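Structure first, commentary second.
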Amino acid sequence: MAGQTDNSTTAGRPAWLAHLIRGLWQENAIFRQLLGMCPTLAVTAALKPALTMGAATTFVLVCSNLVVSAMRKLLVGHLRILMFTLTIAAFVTVADLLLQAFLPEMSERLGPYVPLIIVNCLIIGRAEACASRQGVWTSLADALGMGLGFTLALCILATVRELLADGALFEIAILPASFENWNVMKLPAGAFLTLGILLGLSNHFLRKGK
Amino acid sequence: MDIVGHLVIVFISIALVNNLVLTKFLGICPYLGVSRRIDMAFGMGCAVTFVITISGTVTWLINNLVLQKIGMDYLKYIAFIMVIASMVQLVEMYVRKFFPPLYESFGIFLPLITTNCAILGTCLFIDLWGYGFLEALVGSFGGGLGFTLVICMMGGIRENLEWADVPKALRGAGITLITAAIMTLAFMGFSGMIK
């Protein structure tokens, strides 16, 4: 315990920077750890909802990591999982109401996938693995890294799918009109297929790098 | 007779046409994680079906009879997740007391059902579609059965995939996702059945 608090208070910039980068790439939630798959597949038919979802998830992740880390000494036994879930549910309610107020269209489009952030295993996983053991600043850096990495992966997936399904990015046509739209990319089958192939590619290249 | 017919349609719709896993992307984590062997997949499916049916019904009651009456809709998500977490706890205690061998074989997966998005997702979709009480009951049961069906099919396919020569980079999650894509294409055949 002493070693861990020591780590979070004395370590300067490089430590939190390392946390940030680790979440962004080396331990990327989607490509490396396969966490949070449900929203990944459901909202990546186009870039806009993917970006909104990434932002909402990052918001909830940062807030809940901060709160969990601040009260980590009070948490005991298996009741802590319940506390994590309730904290996350409270912040998801906040995020949902904010979306309804400021981005009503997007809120409509994402529908129940916003409340489903509650059961995104990425968030509860970080609360358990990092926030309940580390100091506030380390948890913040970790949440930001993981959240941004998650957003990045969502955007990569959405770019591929929107480009192939509509020949567009952010609803602006990119490919010439003669491009035959791949309708299957908009459907669930396209989501599974794209993620499977992207996983294969990332495995292939990362292994080569080593 | 009319009511029965309608309920049958609700059941088929949520179990096959709008399958939770393949069209709504709910419960992907156990779908990828627990589907390595068909018997484990079946056990998981049964546990999920049980929890889904109870929590789908109970959350409907709480939402429609309590929260909406007193105008506290915004507590919906917190109430839903509380119900699910306590249901899972209840199931866990019951199974441990009365079926110890089953409890042993489930291991870590039983508590993990709480964070299975299929369950919360079903409760949310039932709320979104404005189902009545009987529809909620039948719908959540159908959703659970649909999940069991799909995860068992995946278990069967993956048992055979063990012997196949899969490219190195695609082994594990990659090939499972591609299999899921093909399965989704097959399930699209059901889409013309209702409406």
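Quick notes on this one:
- Any hit, the range B:153-162, residues being free of Cβ contacts under 8 Å to residues at least 60 places away in the same chain, out of contact with any strand residue (DSSP E or B) (no Cβ under 8 Å at 6 or more places or on another chain), within 14 Å of B:Leu16 (Cα to Cα) and within 7 Å of chain A (Cβ to nearest Cβ): no
- Of the helices (runs of 4 or more DSSP H) lying entirely inside the range A:60-150, those carrying at least 2 residues that are surrounded by fewer than 17 Cβ atoms within 10 Å (Cβ to Cβ) and without any contact (Cβ under 8 Å) to a residue 60 or more places away in the chain are A:79-102, A:104-110.
- Hits in the range A:169-202 - residues which are touching a residue at least 24 places away in the same chain (Cβ under 8 Å) and either out of contact with any helix residue (DSSP H, G or I) (no Cβ under 9 Å at 6 or more places or on another chain) or more than 13 Å from chain B (Cβ to nearest Cβ) (or both): A:Leu169, A:Phe170, A:Glu171
- In the set (1) away from every other protein chain (no Cβ under 13 Å); (2) outside any loop (DSSP other than H, G, I, E, B); (3) within 24 Å of B:Gly5 (Cβ to Cβ), the condition left unmet by B:Tyr131 is number (2).
- Residues located in the range B:120-170, provided they are at pLDDT 85 or above, surrounded by fewer than 18 Cβ atoms within 10 Å (Cβ to Cβ) and either hydroxyl-bearing (Ser, Thr, Tyr) or on the phi > 0 side of the Ramachandran plot (or both): none
- Filter result for A:Arg161 (surrounded by 19 or more Cβ atoms within 10 Å (Cβ to Cβ) and either part of a helix (DSSP H, G or I) or away from chain B (no Cβ under 14 Å) (or both)): yes
- Residues in the range B:22-79 that are within 13 Å of another protein chain (Cβ to nearest Cβ), in contact (Cβ under 8 Å) with a residue 12 or more places away in the chain and aromatic (Phe, Trp, Tyr): B:Tyr31 alone.
- Residue that is farthest from the chain's Cα centre (by Cα) [pool: residues in the range B:112-128 that are aliphatic (A, V, I, L, M) and at the interface with chain A (Cβ under 9 Å from one of its Cβ atoms)]: B:Leu128
- Set side by side, the residues A:Phe150, A:Phe84, A:Phe91 differ, and just one is modelled with pLDDT of 90 or more, out of contact with any strand residue (DSSP E or B) (no Cβ under 7 Å at 6 or more places or on another chain) and not polar (S, T, N, Q), which is A:Phe91.
- Output for the range B:1-29, where each listed residue is farther than 18 Å from B:Leu120 by Cβ and β-branched (Val, Ile, Thr): B:Ile3, B:Val4, B:Val8, B:Ile9, B:Val10, B:Ile12, B:Val17
- Considering A:Thr44, A:Thr40, the condition of being modelled with pLDDT under 85, part of a loop (DSSP other than H, G, I, E, B) and surrounded by 14 or more Cβ atoms within 10 Å (Cβ to Cβ) is satisfied by A:Thr44 alone.
- Qualifying residue in the range B:127-139 (condition: of a type outside the set (S, T, N, Q) and closer than 22 Å to A:Ile81 by Cβ): no
- Put simply, of B:Ala186, B:Ala181 the only residue that is under 21 Å from the mean Cα position of the chain (by Cα), free of Cβ contacts under 8 Å to residues at least 24 places away in the same chain and more than 8 Å from chain A (Cβ to nearest Cβ) is B:Ala186.
The values are calculated or read from the model by the stated rules, or taken from the named source; none is laboratory data. Just so it is clear, the model here is predicted, and its values are computed rather than measured. Backbone-built Cβ (ideal geometry, glycine too); neighbour counts: all protein chains shown.
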